[in-house]
Structures are given as structure tokens and as C-alpha cells.
Amino acid sequence: MTQPAIKQMKLYTHVERVRRELKVRGLDQIPRLDPTALETVDQLHYLGVAAIEAALKVLALGPDKRVLDVGAGLGGPARVLAERSGCSVTAVELQADLNDLASELTERCGLSAQIDHRCRDIFDLKPEGEGFDALVSWLCFLHIDDKPALFAHCRQLLKPGALIYIEDFTLERTPSPRERDLLANDVYCRTLVSAADYAAALDRNGFKLIEQHDMTRAWRHFVQARLADFESERWRFQTLHGAEAYRALHHFYAAVVELFDGAALGGTRLLARAH
């Protein structure tokens, strides 16, 4: 598999920093890790484990449920879902280095029997058996331009009546040329729609919206605090991971703050049911 274009996003570079963090925290010596102990390194979306707990409240998962996690990243959400509910998770991630590390961390947490990590494009995933009971995705669909095709494909992978739970970016206003550049080059997001249009696309492609929440304010506060905390830890981070890794991650964090502060970027949380 060739290096995916999404690697232009600096959030996904210098992945080796995760292993260094585990070592410096002494977590590399623990025989079996608690998934929540990894929260600050393996939850690449917003609001950490709390965001996964919000999904657990509405998905009614249990040991008999099969869940598809699209854009699984380092596997943080999949591990919390599996550990808290007993469900089985198929965790699909396009980037090989993230997928490999996710699988390693899942094994360290003793959850390999419940989580199947697969390195592939979601469009290459074929229907299996009766389909999945639920699909979840945190800040991944923003990278895929053709939302109708994406939602239609997701519907094919699910049982009738299955739930889909998404957290994703939305467009709050027409972006300036600089904001379009930040979105395309720093966030790898070339196509954004309003929250209303996002929900309508789900409704037109095999799903019925159950609920939708505006996450813009909460996410704006989150990214602002993330950048401030990161800057306050500059010396420690650079000492451990190097100046280049610091500059790359700082560039990304600052770009996202600029987009939220300029009110071009928003966020939504949606729950829908497959027809």
C-alpha cells in the first residue's frame, strides 16, 4: 500500500512519539494496560473518552453486537467500546503505521479477541454475513469528499435497523481563501457541508436521523485548550520527541484553532438508523 495522501496532515506524522510517551510514563512495563490509561495518546478526536461514553449511552451495545469503526486511528475508541460493553469491533484504518500501532496497543490491553484491526479503505470493505449492528466514526468522514457514496456504502455494510454514530466537521460559513487552504492542506478536508445538509445526505442514502447535536462550541474550547496545553509543555515535548515533531504538531493544532476561531468550522454529532 502506498503512503496515503492523508499523511500531509501533521497530526499523523511522528507516530513513534506514542511509544516514547508510554515508555516515559512507565506504561511499557505494565503487563496489561487499561484502555483509559492511554486516553492522552490514543484518542485522536475531541473530548477523549467522554466522547466514546456518549456513544455508549445511545448504541445499546453488548457482547452479542458487532461494531464497525471507520477511521479507527490508534484504536482508542474501539478499545473503550469493546472493554466497556463486551462488543466485537472491526476497526478499519487506512494508514498502515497507525493500524500497526493500534493492533499492538489492543494486544497490550488484552482485547485482541474482541477487536479486528484492518488496514484498508472503507470503500474496499465488503458486506459480511448479516452485516454490522452499529457503525461509529470520529472525525474521519471529513476526509472523504463524496458523502452520498460514503453513506450508501456504509448502509450496505449494516443490518437493517443498525445504528450509525458520527462525529464530524461541518461548514458554518463560506471559508476565505486562506481557510480553504488550511482545510485542504492542513486538515485534508476539501469538501464540507452544513450540519443540516450533512443530516439530509444521511436521510437520502439509507438512514433515518434520530438525533443531532451541535458540537461547535465544545470543540472550539477543546482545540483552544489543547493548543495552550501543548505550548505550555514545549520544553518537555521537544526534549522527548524533538523540535521537528513539536513544530509539526503545533502547526496542525494552531491551524485548527484558527479555523474554529474564525467561525468557518463547526462540528456535529449524529445518530441515525439504517432503513
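Quick one: Asp97 ticks every box in (1) more than 21 Å from His143 (Cα to Cα); (2) charged (D, E, K, R); (3) under 16 Å from the mean Cα position of the chain (by Cα); (4) surrounded by fewer than 18 Cβ atoms within 10 Å (Cβ to Cβ) bar one, so which box is it? Failing condition for Asp97: (1). What about Ile210, is it more than 18 Å from Leu81 (Cβ to Cβ) and at pLDDT 95 or above? Considered against the rule, which asks whether it is more than 18 Å from Leu81 (Cβ to Cβ) and at pLDDT 95 or above, Ile210 comes out as yes.
Of all residues in the stretch 158-193, those being more than 27 Å from Val49 (Cβ to Cβ), among the polar types (S, T, N, Q), touching a residue at least 60 places away in the same chain (Cβ under 8 Å) and surrounded by 13 or more Cβ atoms within 10 Å (Cβ to Cβ) number 1. When the stretch 39-69 is filtered for residues that are surrounded by 17 or more Cβ atoms within 10 Å (Cβ to Cβ) and among the basic types (Lys, Arg), the ones remaining, listed by number, are Lys65, Arg66. Of the residues that make up the stretch 71-86, is at least one among the hydroxyl-bearing types (Ser, Thr, Tyr), crowded, with 20+ Cβ neighbours inside 10 Å and in contact (Cβ under 8 Å) with a residue 24 or more places away in the chain? There is no residue in the stretch 71-86 that is among the hydroxyl-bearing types (Ser, Thr, Tyr), crowded, with 20+ Cβ neighbours inside 10 Å and in contact (Cβ under 8 Å) with a residue 24 or more places away in the chain. Entry remark, the stretch 45-84: residues being more than 15 Å from the chain's Cα centre (by Cα), farther than 22 Å from Ile210 by Cα and not acidic (Asp, Glu) number 3 in total. Within the option set Ser88, Ser112, being among the polar types (S, T, N, Q) and closer than 27 Å to Ala272 by Cβ holds for one residue only, Ser88.
Okay, residues lined up against (1) touching a strand residue (DSSP E or B) at 6+ places or on another chain (Cβ under 8 Å); (2) within 26 Å of Glu21 (Cα to Cα); (3) acidic (Asp, Glu); (4) at pLDDT 95 or above:
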| position | (1), (2), (3), (4) |
| --- | --- |
| Gly62 | no, no, no, yes |
| Asp69 | yes, yes, yes, yes |
| Gly76 | no, yes, no, yes |
| Arg84 | no, yes, no, yes |
| Cys119 | yes, yes, no, yes |
| Lys126 | no, no, no, yes |
| Gly131 | yes, no, no, yes |
| Ala134 | yes, no, no, yes |
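Set side by side, the residues Ala50, Ala37, Ala102 differ, and just one is over 24 Å from Arg155 (Cβ atoms), modelled with pLDDT under 95 and in a helix (DSSP H, G or I), which is Ala37. Can you tell me which residue within the stretch 1-25, out of those that are modelled with pLDDT of 90 or more and either outside any helix (DSSP H, G or I) or hydroxyl-bearing (Ser, Thr, Tyr) (or both), is surrounded by the fewest Cβ atoms within 10 Å (Cβ to Cβ)? Filtering first and then ranking leaves Glu16.
The values are calculated or read from the model by the stated rules, or taken from the named source; none is laboratory data. Since the structure is predicted, the reported quantities are computational estimates derived from the model, not experimental observations. Virtual Cβ from ideal backbone geometry, glycine too; neighbours counted across all protein chains shown.
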